[in-house]
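Participant: To start, I am sharing the structure in question, which I have written as structure tokens.
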Amino acid sequence: MSDSDKPALYLETTVPSYYVARPSRDVVALAHQELTREWWERRASNFTIYISPLVLQEAAVGDAGAAARRLDVLAGFSVLRATEEIERLAQFYFQELCLPAKALRDAGHLAFACGYGMQYLLTWNCVHLANAEIQFRLIEVNERRGLKTPIICTPEALMGFGEE
């Protein structure tokens, strides 16, 4: 299967963060880490994965060692170009979805995924991205603009059909 035959997936920053993080003492975070590692090792190769400059900016923040690990696993993915159109779309989503100020970057992730026609947006951000109510509103605003909405989900929801 060539890359052009694979579904396009936008990889949001939380996924590589969980992938390279040291095991958490929090049982929910630890489960997310394990699911992420399983998805990365078993399923990631089934997708053409894209990231954005926003993902790289977020991945570079924080502890230097952790940032280096995040940037290292992201190094092989194609980086989507930031454009004025993507920036306008992010502002539009921010306003139309009534996102809080702290979620401006999340609107950016949505803009990259929708603006570039991704089939999937993979994230562990279940507050502002993999959130059914926000997705419902996103579908409505995208339909008005003639844009497709990617399936926004966690690695757990994108594990495949159990054939592996």
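Participant: Could you say whether any residue in region 49-60 is of a type in the set (D, E, K, R) and surrounded by fewer than 15 Cβ atoms within 10 Å (Cβ to Cβ)?
Facilitator: So far as region 49-60 goes, no, none of its residues is of a type in the set (D, E, K, R) and surrounded by fewer than 15 Cβ atoms within 10 Å (Cβ to Cβ).
Participant: For Asn125, work out the one condition from (1) under 16 Å from Thr48 (Cα atoms); (2) surrounded by fewer than 21 Cβ atoms within 10 Å (Cβ to Cβ); (3) of a type in the set (S, T, N, Q) it doesn't fulfil.
Facilitator: Failing condition for Asn125: (1).
Participant: Let me ask something else. What number of residues in region 61-70 are loosely packed, with under 14 Cβ neighbours inside 10 Å and either under 28 Å from Thr83 (Cβ atoms) or not small (Gly, Ala, Ser) (or both)?
Facilitator: The number of residues fulfilling the criteria is 3.
Participant: Write out, first by first residue and then by second, each pair whose Cβ atoms fall under 7 Å of each other, whose residues are 6+ apart or on separate chains, and whose first residue, in region 67-81, is more than 12 Å from Leu56 (Cβ to Cβ) while the second is part of a helix (DSSP H, G or I) and aliphatic (A, V, I, L, M).
Facilitator: Arg69/Val20
Participant: Just one of (1) surrounded by fewer than 21 Cβ atoms within 10 Å (Cβ to Cβ); (2) over 30 Å from Phe161 (Cα atoms); (3) touching a residue at least 40 places away in the same chain (Cβ under 8 Å) trips up Ser4, so point out which.
Facilitator: The failed condition is (2).
Participant: For Arg43, work out the one condition from (1) under 17 Å from the mean Cα position of the chain (by Cα); (2) within 13 Å of Thr13 (Cα to Cα) it doesn't fulfil.
Facilitator: Every listed condition holds for Arg43 apart from (2).
Participant: In contact with a helix residue (DSSP H, G or I) (Cβ under 7 Å, 6 or more places away or on another chain) and without any contact (Cβ under 8 Å) to a residue 40 or more places away in the chain: which single residue out of Thr123, Thr149 fits that description?
Facilitator: So the residue among Thr123, Thr149 that is in contact with a helix residue (DSSP H, G or I) (Cβ under 7 Å, 6 or more places away or on another chain) and without any contact (Cβ under 8 Å) to a residue 40 or more places away in the chain is Thr149.
Participant: In addition: Test each condition in (1) at pLDDT 95 or above; (2) more than 15 Å from Thr123 (Cα to Cα); (3) not charged (D, E, K, R) for Ser2 and report the one that comes out false.
Facilitator: (1)
The values are calculated or read from the model by the stated rules, or taken from the named source; none is laboratory data. This structure is a prediction, so every number in the text was calculated from the model and none was measured. Quick reminder, even Gly has a Cβ in these numbers, built from the backbone with ideal geometry, and neighbours come from all protein chains shown.
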